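What follows is a short report on a single structure.
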Amino acid sequence: MSAIMTTPDPLSTALAAALDTVADPLTGKGLTESGRAAPPRFSDGVASLILDVTGLSGDARAQVERAIRAALIGVPGVKDVRVAMTAEKKSRRLIAIGSGKGGVGKSTLAANLAVALARLGMKVGLVDADIYGPSQPRLMGSEGQRPEAHEKQLIPVPTRFGVPMLSMGHLVKPGQAIAWRGPMAGNALGQLIDADWGEAELILVDLPPGTGDVQLSMIQKQKPAGALIISTPQDLALIDATRAIDLFNQSTVPIIGLVENMAGYACPHCGEVSDPFGAGGAETAAGALGVPFLGRIPLDIAIRKASDAGQPPAAGGGADAQPFLDIAGHVMMWLNGTPRATF
Ligand code: ADP
């Protein structure tokens with residue numbers, strides 16, 4: 001078999017060589033060698049190219065553009081130079097935290113998991129989509145803050161824990177009843193998720209409790225990469241958790257796993273461990289449903305107190321941080337084994 005060889009014309013060669021005299025500000029290599037630009041095209045005296053400016057500051061972009069113009073205009077025959085800039089869209093994943101019913105610790109898990117993942121080095125943001133009872137501002141100590149907007153895009157509120165966040169609770173006055181219907185809630189959530197999340201590579205979404213249409217349409221619209229379900233150990237709660245798993249299965253969102261909350265109460269006075277809601281039920285249910293069991297968070301008054309004080313236990317050095325760090329470890333392992341999806 002003989003390959004057809006085409007010899008590049010001298011002008012194309014000269015343009016490519018000229019472009020490579022300009023160094024990538026990050027790597028110091030020539031622009032084609034560093035993959036920032038393909039060799040320029042030439043037509044009617046105009047040399048044009050597309051420059052990938054991902055990771056470059058505004059100044060660096062302007063400097064490189066000037067250098068490209070100077071280099072290409074020096075090539076005989078070139079009368080004008082056009083440079084179009086593009087930046088790679090940050091690839092970012094969404095993980096939904098769901099529960100079959102309210103009061104099982106979904107918001108507590110979402111806040112502490114976000115903090116634990118940040119402690120493990122991930123760049124993570126938190127969205128509170130719980131339209132019926134947005135509690136993340138309280139849990140993350142950002143109550144009363146209002147997100148700013150830049151060119152119609154919301155800017156997440158920073159927190160002391162390195163986790164930027166946005167909540168429905170930031171958009172309404174505290175205590176104001178929220179009676180949004182599905183589509184309105186969906187639009188508001190869209191704004192929170194499409195906010196300017198900067199460097200965040202992962203967004204945790206604290207979903208409203210339950211398995212109704214609001215939840216279903218949110219899941220279908222936002223297409224999370226995976227879902228975490230939380231339940232207390234007793235049978236009744238587990239029946240609801242099973243419904244939540246069904247909901248994600250219907251939308252073909254992979255279940256990362258099930259978390260058991262409020263098992264094993266250690267009496268603060270005598271230290272005796274009891275199980276007001278039973279124990280091990282979620283692990284058994286996870287086995288029966290064929291989903292991974294990710295861990296157990298004990299019923300601990302310190303968790304409730306710290307949460308109410310806007311100090312997520314996962315941020316501290318106490319024993320109550322450990323279950324959240326362990327679950328965060330499982331989530332990171334899951335993320336490492338999953339192809340990246342962009343939204
Ligand atoms: P949900 O989001 O499922 O409605 P929350 O996270 O708001 O549930 O938790 C409900 C209440 O239970 C809160 O007061 C919270 O502080 C408390 N809570 C949650 N998990 C625990 C736990 N493991 N130990 C003690 N209190 C907890």
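Laid out as a table, the results:
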item: Residue order, fewest to most surrounding Cβ atoms within 10 angstrom, among LYS29, LYS152; result: LYS152, LYS29
item: Rough spin-label spacing in nm, given labels placed 7 Å along Cα→Cβ, for GLN63 and GLN153; result: 2.4
item: √(5λ) per eigenvalue of the Cα gyration tensor, segment 15-86, largest first, Å; result: 19, 12, 10
item: Alpha-carbon centroids, segment 120-159 and segment 281-343: separation in whole Å; result: 20
item: Among MET262, MET333, MET168: highest mean-square fluctuation, GNM of the chain, C-alpha pairs under 10 Å; result: MET333
item: Exposure proxy ranking, count of Cβ atoms within 10 Å, fewest first, for VAL205, VAL53; result: VAL53, VAL205
item: Exposure proxy order (Cβ contacts within 10 Å, fewest to most) of HIS170, HIS330, HIS269, HIS150; result: HIS269, HIS150, HIS330, HIS170
item: Residue range of the chain that is longest and free of GluC sites (Glu not before Pro) which are both DSSP loop and sparsely packed (at most 16 other C-beta within 10 Å); result: 273-343
item: Computed lengthening from GLN250 to ALA38, 0.36 nm per intervening residue step minus Cα-Cα distance; result: 72.0 nm
item: Per-pair calculated FRET efficiency, R0 = 51 Å: ILE73 and ASP326 via Cβ, rounded to 0.05; result: 0.30
item: The chain - convex hull of alpha carbons, volume per residue in Å³; result: 194
item: Listed peptides 99-112, 10-23 by packing density, highest first (mean Cβ within 10 Å); result: 99-112, 10-23
item: Antiparallel DSSP beta bridges within the chain, percent to nearest 5; result: 25
item: Built amide H within the under 5 Å cut-off of ASP275, gap 5+; result: TYR265
item: Euclidean distance between Cα centres, segment 43-60 to segment 248-273, Å; result: 52
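Here, each number is a calculation from the coordinates, and none is a lab measurement. Because the structure is predicted, anything quoted here is derived from the model rather than measured. All Cβ positions, glycine included, derive from the backbone under ideal geometry; neighbour counts span all protein chains shown.
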